[in-house]
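Engineer: Would you mind keeping the following structure in view while I ask a few things?
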Amino acid sequence: MEDCIFCKIIEGKLDSEKIIETANSFAFKDIHPKAPVHILIAPKRHVERPELLNAHELEDMFNTSEEIAQILGVKDDGYRLVFNVGKHAGQEVEHVHLHLLGGRVAKSMF
Ligand code: DGP
């Protein structure tokens, strides 16, 4: 999608610190990290809500998350995976993305 910042990153038109790219996903460092490890995993296709992801994209995003956790050394201690959906969740970018946060003990969300 033309005016989508994440589509531009995925297409290489905007710089990012890429971690991994697979057939369906593109993973890169969050520009405003909220944890020592903060990676965004986005589907390559422009999808605006998680329920519109297809099974291949979902499987790929979760497999990619696990691979990133392994590569960046947070798998054993654990990490958080978060989708922000809509305004009350503070979603800023309308191209679905999974946040992977790790590298420190997370505060309880509840
Ligand atoms: P969300 O609130 O779930 O929509 O998260 C959007 C995240 O995207 C936010 O943590 C900051 C990050 N972000 C926004 N613009 C850019 C960018 O141009 N490059 C990178 N690497 N991250 C971005």
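Engineer: Filter region 96-110 down to residues that are more than 10 Å from the ligand (Cβ to nearest atom) and closer than 16 Å to E21 by Cβ, then give me how many there are.
Structural biologist: Result for region 96-110: 1.
Engineer: Which ones in region 56-95 are more than 9 Å from the ligand (Cβ to nearest atom) and among the hydrophobic types (A, V, I, L, M, F, W, C)?
Structural biologist: L58, M61, F62, I68, A69, I71, L72, V74, L81
Engineer: Please go through region 21-55 and pick out each residue that is within 14 Å of the ligand (Cβ to nearest atom), surrounded by fewer than 17 Cβ atoms within 10 Å (Cβ to Cβ) and among the β-branched types (V, I, T).
Structural biologist: The answer is I31, and nothing else.
Engineer: Which of the residues that make up region 79-108 are in contact (Cβ under 8 Å) with a residue 24 or more places away in the chain and β-branched (V, I, T)?
Structural biologist: Once the filter is applied, which keeps residues that are in contact (Cβ under 8 Å) with a residue 24 or more places away in the chain and β-branched (V, I, T), region 79-108 yields V85, V93, V96.
Read-outs: derived from the displayed coordinates by stated rules, not from any lab. Computed from a prediction, not measured in an experiment: that's the story for all the values here. Please note: Cβ atoms are built from the backbone with ideal geometry, for glycine as well, and neighbour counts cover all protein chains shown.
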